[in-house]
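The values are calculated or read from the model by the stated rules, or taken from the named source; none is laboratory data. Predicted model, so just to flag it, every value in this text is computed and none were measured. Here the Cβ is made from the backbone with ideal geometry for all residues, glycine too, and neighbour counts use every protein chain on show. Only protein heavy atoms, including side chains, enter the accessible area calculation; ligands, DNA and RNA are left aside. Shrake-Rupley method; radii C 1.70, N 1.55, O 1.52, S 1.80 Å.
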Amino acid sequence: MRVVVDFDLCESNAVCMGIAPEIFEVRDDDFLYVLDENPPESMRAKLEESVQRCPKQAISIAED
Amino acid sequence: MTSTAVVVGASLAGMHAARTLRLEGHEGDIIVLDPDLRAQYDRPPLSKQFLAEDLDPDRIMLQSAREDLGLDVRLGTRATALDLADRRIATQHLDGSLDSVPFDSLVIATGAAARRLPDTAGIAGVHVVRTVDDSLALRADLDAGPRRVVVIGAGFIGGEVAATCRGRGLEVTLAEAMPVPLERALGAAMGEVCARVHVEHGVDVRLATGVERLDTVTDGGVERVVGVHLTDGSLVEADVVVVGIGVSVNTGWLEGSGLTLDDGIVCDDTLLAAPGVAAAGDIARYHSRRFDRSFRIEHWEHAIAGGEAAARRLLAEQRGEAPAVFDPVPWFWSDQYDRKIQLSGRPEATDIARVVHGSVDEFRFVTMYGREGRLVGVLGMNRPRHVIQLRGLIEEGASFDEACARAEAM
Ligand SMILES: Cc1cc2nc3c(=O)[nH]c(=O)nc-3n(C[C@H](O)[C@H](O)[C@H](O)COP(=O)(O)OP(=O)(O)OC[C@H]3O[C@@H](n4cnc5c(N)ncnc54)[C@H](O)[C@@H]3O)c2cc1C
Ligand code: SF4
């Protein structure tokens, strides 16, 4: 499972960080950083919630 | 035995309810009704990117509409009455045909409609922004290069429309009937800061100023707005007027159904409105234990959370499981110019508001709201990380002083 963020869409509102701080971090430069691009399977539920709650539909999960 | 679930409203709350019903085990039919032939789109862009750019409506489709969930979505179909005893919904299709749909469980998510100025129906150039068609019509009028746009109401949607119009290089007057905009949502001090953002961007902001009447001309049988007479005695010449004076809930079809209506559908604290009937999104009124207030929340994220919770509530009922209390901490954002305004919690005008980080003069700050010694809200301007992280403190029921100390250390 791989985290894919479309940075052209992302507007750094940090919603994903609120749900999965282990994976997403918005820093003081106002950019989103993906801390763990290949999170463990145990993070799937939180990652899926982030996909649903991202107001910009910027997050997707790639299975590879 | 399979049962039929009906979801009324195919927008954010309704689609998330339908999705959750399906993904979490509802095996029978899931029928979704909505009169809007497009429905299933996202509303926040309608006052932002969609209005600013030449975006196609397909670009703002909801994710859930693209998933293969095996839903029976019936667009063009309006629910006109609910019969709780017979467990049936009367419907009317756009072509005029009448029908009815039986249900075993029901989620009501008919949301709200934009309020309009009285006696302005049919006047060209006068707009509200709630649907894709509204936004497309406004965009077309903006494309025509109006002399000026008057935005009536400096709430969040009015503020966003003003910002988008400035971004398009248009002259804007923003008229607000109250002395300070957003006072009920953010308190006077922060409302004043939000007003100043517009002034800084060259908007003609008129506070404590309402609309006396519209100035119109009739040309070729079409009445068109050419100006607005404001209560400060001035006439503002403008070819486009955008009305952002709040919403009224779409509960008309439920009159006489036996559900309790009071500016929304009154639910219990699990979003249940009647046995087998739950409500979600802008239309749902429920008691928040956390804030000890009656809530009806008009936020994007709350509509998703409510849709999911309503679906789970009905699944729990069917399975004889204990229902979960619905009481998330609200979270909201508004984008205006290059400012990201975000709010966690539910402040009131009488709360203490303390700026704990950054500077309001630079429009980059965090403000904490306290009531009876508790943290009840966090407002950020261009501070998204702080708002999201501090939201957890509201969830924990942190004391105001302790929360402020934590925020100052961030
Ligand atoms: C222009 C705009 C910008 C916004 N920006 C933000 C933002 O930046 N941040 C934020 O947090 N929130 C924002 N919001 C608020 C957010 O979009 C709403 O809270 C959300 O859309 C509520 O979803 P809902 O499904 O409850 O209701 P709605 O989206 O109102 O959907 C209700 C649906 O029910 C249908 N319906 C109505 N009557 C019937 C009937 N009788 N039978 C069947 N169907 C019916 C309607 O056609 C509609 O599709 C914005 C809203 C607007 C309008
Ligand atoms: S939720 Fe979406 S838009 Fe917000 S920071 Fe995360 S990826 Fe970006």
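From the convex hull of the Cα coordinates of the stretch B:1-60, what is the mean projected area in square nanometres?
Average of the hull's projected areas for the stretch B:1-60 equals 4.7 nm².
Hydropathy at least -1.0 by Kyte-Doolittle, axial extent at least 20 angstrom from the Cα trace: which helices of chain B, defined as entire DSSP H runs, fit?
Qualifying helices: B:300-319.
Which whole-number percentage describes the relative contact order of chain A, with Cα contacts under 8 Å and a sequence gap of 6 or more?
About 48 percent, as a whole number.
Using protein heavy atoms only (no ligands, DNA or RNA), what is the total accessible area buried between A and B, 1.4 Å probe, nearest 100 Å²?
Counting protein atoms only, the buried area is about 1800 Å².
Rolling a 1.4 Å sphere over the protein heavy atoms, what is the accessible area per residue of the stretch B:70-173, to the nearest Å²?
42
Protein chains only, probe 1.4 Å: how do B:326, B:156 rank by accessible area, largest first?
In descending accessible area the options line up as B:156, B:326.
Can you give me the long-range amide H partners of residue B:151? Hydrogens built in the peptide plane at 1.01 Å from N, cutoff under 5 Å, separation of 5 or more residues or another chain.
B:173, B:174, B:175, B:242
Averaged per residue, what accessible surface does the stretch B:338-408 expose to a 1.4 Å probe, in Å²?
Counting only protein heavy atoms, the per-residue value for the stretch B:338-408 is 40 Å².
When the C-alpha atoms of the stretch B:338-408 are aligned to their principal axes, what extent does each axis show, in angstrom, from largest down?
Here the Cα extents, ordered largest to smallest, are 33, 23, 20 Å.
If only Cα atoms are counted, what is the Rg of the stretch B:24-139, and what is its Dmax, in Å?
16.8, 49
Got the relative contact order for the stretch B:285-410 handy, in percent, Cα pairs under 8 Å and 6 or more residues apart?
Averaging sequence separation for qualifying contacts and normalising by length gives 18 percent for the stretch B:285-410.
Taking H as built 1.01 Å from N, whose amide H comes closer than 5 Å to the amide H of residue B:7, not counting residues under 5 places away?
B:31, B:32, B:33, B:107
For chain A, with every protein chain kept in place, what is the accessible area per residue (1.4 Å probe, Å²)?
With the other protein chains kept in place, chain A gives 49 Å² per residue.
Compute the long axis of helix A:44-53 from its Cα atoms, compare it with the longest principal axis of the Cα atoms of chain A, and write down the angle in degrees, 0 to 90, nearest 10.
In chain A, helix A:44-53 runs at an angle near 40 degrees to the longest axis.
Using only alpha carbons, build the gyration tensor for the stretch A:2-62 and give me the equivalent ellipsoid semi-axes, biggest first, whole Å.
16, 12, 10
Give me the log10 of I(q) over I(0) for the stretch B:116-243 at q = 0.10, 0.12, 0.16, 0.17 Å⁻¹, as the Debye formula computes it from C-alpha points; what are the numbers?
-0.29, -0.42, -0.75, -0.84
Evaluate Rg over Rh across the protein assembly as shown, taking Cα atoms for both radii and Kirkwood's formula for Rh.
0.96
Once neighbouring chains are kept in place and the probe is 1.4 Å, which whole percent of the accessible area of the stretch B:116-243 is contributed by carbon and sulfur?
The nonpolar share, carbon plus sulfur, comes to 50 percent.
What full-extension length gain, to one decimal in nm, is calculated for residue B:61 and residue B:396 as 0.36 nm per residue of separation minus the Cα-Cα distance?
117.1 nm
Could you calculate the contour length gain from residue B:137 to residue B:121, that is, 0.36 nm times the residue separation minus the distance between their Cα atoms, to one decimal place in nm?
4.3 nm
What is the Cα centroid distance between the stretch B:373-410 and the stretch B:136-198, reported in whole angstrom?
Cα centroid of the stretch B:373-410 versus Cα centroid of the stretch B:136-198: 28 Å apart.
When Cβ neighbours within 10 Å are restricted to other protein chains, what is their mean count per residue of peptide B:325-333?
1
Could you work out the mean projected area of the convex hull around the alpha carbons of the stretch B:258-386, in square nanometres to one decimal?
Approximately 9.3 nm², given one-decimal rounding.
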